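The values are calculated or read from the model by the stated rules, or taken from the named source; none is laboratory data. What you see is a predicted model, and the numbers here were worked out from it, not measured in a lab. Please note: Cβ atoms are built from the backbone with ideal geometry, for glycine as well, and neighbour counts cover all protein chains shown.
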2 protein chains.
Amino acid sequence: MSIRIVIADDHTMLREGLSQALDSIPDIEVIGTAADGRELLEVLESITPDVILVDIEMPKLSGIGALRRLEGAPPAIVVTMHAEDAQRRKAAAAGAAGFLSKSAPLPDLAAAIRAVASGEQLFDKDTTAEILDQHRQPILDEGAAALTARERELLKLLASGVSGTEDIADQLFISQKTVKNHLASIYEKLAITDRAQAVVEAIRLGINR
Amino acid sequence: MSIRIVIADDHTMLREGLSQALDSIPDIEVIGTAADGRELLEVLESITPDVILVDIEMPKLSGIGALRRLEGAPPAIVVTMHAEDAQRRKAAAAGAAGFLSKSAPLPDLAAAIRAVASGEQLFDKDTTAEILDQHRQPILDEGAAALTARERELLKLLASGVSGTEDIADQLFISQKTVKNHLASIYEKLAITDRAQAVVEAIRLGINR
DNA sequence: GGTCGAATGGGTCGTACGGCCTATTGAGAT
DNA sequence: ATCTCAATAGGCCGTACGACCCATTCGACC
């Protein structure tokens, strides 16, 4: 019996390419794909894989955000382009069973899939200890999924170069005070402190355009 | 006779996955891969494909940089995660024959490979017109070229989330005043007014990472 | 019917930010 | 030998920004 998996990634080339490569491995079978977080949730309503492979950076709903809403039903492996510690911790906190960089070799990915399918939790070295810390302080993490629609609109404007309070207010037809309030809320949710960092996060999360 | 291609991308999953997916297409054959720009140059010394597939974002030597050194020997298709206009123009200027987002469907990629292999230049919709504009006005937003090395370092930091004057100063080992001076110079050259816009431009120009 | 969060808005306060001007040093170009 | 410019740094000033308070409205959910 082969391991059935679902792949979620917004880049078609990686999604389809990886899908075909994994399918060619005897004991692995790709039974579904999704181009963003929401699509992943939809797909999982009808089919139930043994393992989920999700990218962090996805439009609409990030991989981390999707994982939080899944409550770890099927075990998930999070893959990302930028293997940063912060992301790894967020992934662990969101209930991911594994974490891999997209630069990892295919055999490693296959091994990770088999390990996770058999119930193992795989995180490099002492990540487990960090997860415990996360549990003790279940505070801030997530972010993108926690943002409201209006907050995302604001980020989108910021990422397109509209940085002044007045300019933003004019384009959204709200008062300058409301703009500052929304920004304050965004800062708190994303654990940042100013507009420049907001732009960085917006683009990293794919909120632009 | 099938079309022989070489794939260059630093993310193993995409490189191997795409390689396998393309290889399964009857008239396409992957004869080599590379994990970065330099490796691509090495590979091309021993083998000569009909088409090259290169990612822009790669360590050591970017896809664009590699293309410049190749002088368009075999035609190349540039693929990227963020389909920004600036990158598309740079790719065209560097001698690329085609440009595609990683979000493009596989059939489109295959079609692009076939077209390029037969000598066509393919750029989505009216990119060709833009290229002509480029020739007419070789300096359009050459603000990027006008930036000094130090200014680019500053932008890189900004784009990575280091936004405070003190934080930037500490990382560059200069005074806070010098940081503000450099920023003022950047604002003038790029015709912007604050750090948030600087982050937008930095990423648009590919100064990040 | 009551609670909660999203979206809207107000006020105050301290400070970091950006505009503007000047100055010194050293490297590279003419 | 002169000149330009990048990189460094200081001062001054006005204001936009971010932190911390709070209030109202409306819809969703229980």
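Tally up the residues in segment B:144-191 that are in contact (Cβ under 8 Å) with a residue 24 or more places away in the chain, near DNA strand C (Cβ under 10 Å from one of its atoms) and away from chain A (no Cβ under 11 Å), please.
3
Would you pick out the residues in segment A:192-209 that are crowded, with 22+ Cβ neighbours inside 10 Å, without any contact (Cβ under 8 Å) to a residue 24 or more places away in the chain and more than 8 Å from DNA strand C (Cβ to nearest atom)?
Those that are crowded, with 22+ Cβ neighbours inside 10 Å, without any contact (Cβ under 8 Å) to a residue 24 or more places away in the chain and more than 8 Å from DNA strand C (Cβ to nearest atom): A:GLN197, A:VAL200.
Mind listing just one residue for me: the one in segment A:19-45 that is assigned to a helix (DSSP H, G or I) and charged (D, E, K, R) and, of those, modelled with the highest pLDDT?
Here the residue is A:ASP23.
Among the residues that make up segment A:148-155, is at least one of them in a loop (DSSP other than H, G, I, E, B) and within 12 Å of DNA strand D (Cβ to nearest atom)?
So far as segment A:148-155 goes, no, none of its residues is in a loop (DSSP other than H, G, I, E, B) and within 12 Å of DNA strand D (Cβ to nearest atom).
Yes or no, residue by residue, for (1) in a helix (DSSP H, G or I); (2) within 12 Å of chain B (Cβ to nearest Cβ); (3) modelled with pLDDT under 70:
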{"position": "A:ILE7", "(1), (2), (3)": "no, yes, no"}
{"position": "A:ASP10", "(1), (2), (3)": "no, yes, no"}
{"position": "A:MET13", "(1), (2), (3)": "yes, yes, no"}
{"position": "A:ARG68", "(1), (2), (3)": "yes, no, yes"}
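In segment B:39-57, which residues are of a type outside the set (Asp, Glu) and either without any contact (Cβ under 8 Å) to a residue 24 or more places away in the chain or touching a His at 6+ places or on another chain (Cβ under 6 Å) (or both)?
Passing the criteria: only B:SER46.
Consider segment B:46-66. How many of its residues are at pLDDT 80 or above, in contact with a helix residue (DSSP H, G or I) (Cβ under 8 Å, 6 or more places away or on another chain) and part of a loop (DSSP other than H, G, I, E, B)?
Going through segment B:46-66 one residue at a time, the tally reaches 1.
For B:MET1, which of the numbered conditions (1) more than 22 Å from B:ALA104 (Cβ to Cβ); (2) not in a loop (DSSP other than H, G, I, E, B) fails to hold?
(2)
Select, from A:LEU157, A:LEU140, the only residue that is farther than 23 Å from B:ILE168 by Cβ, modelled with pLDDT under 90 and surrounded by 14 or more Cβ atoms within 10 Å (Cβ to Cβ).
A:LEU157
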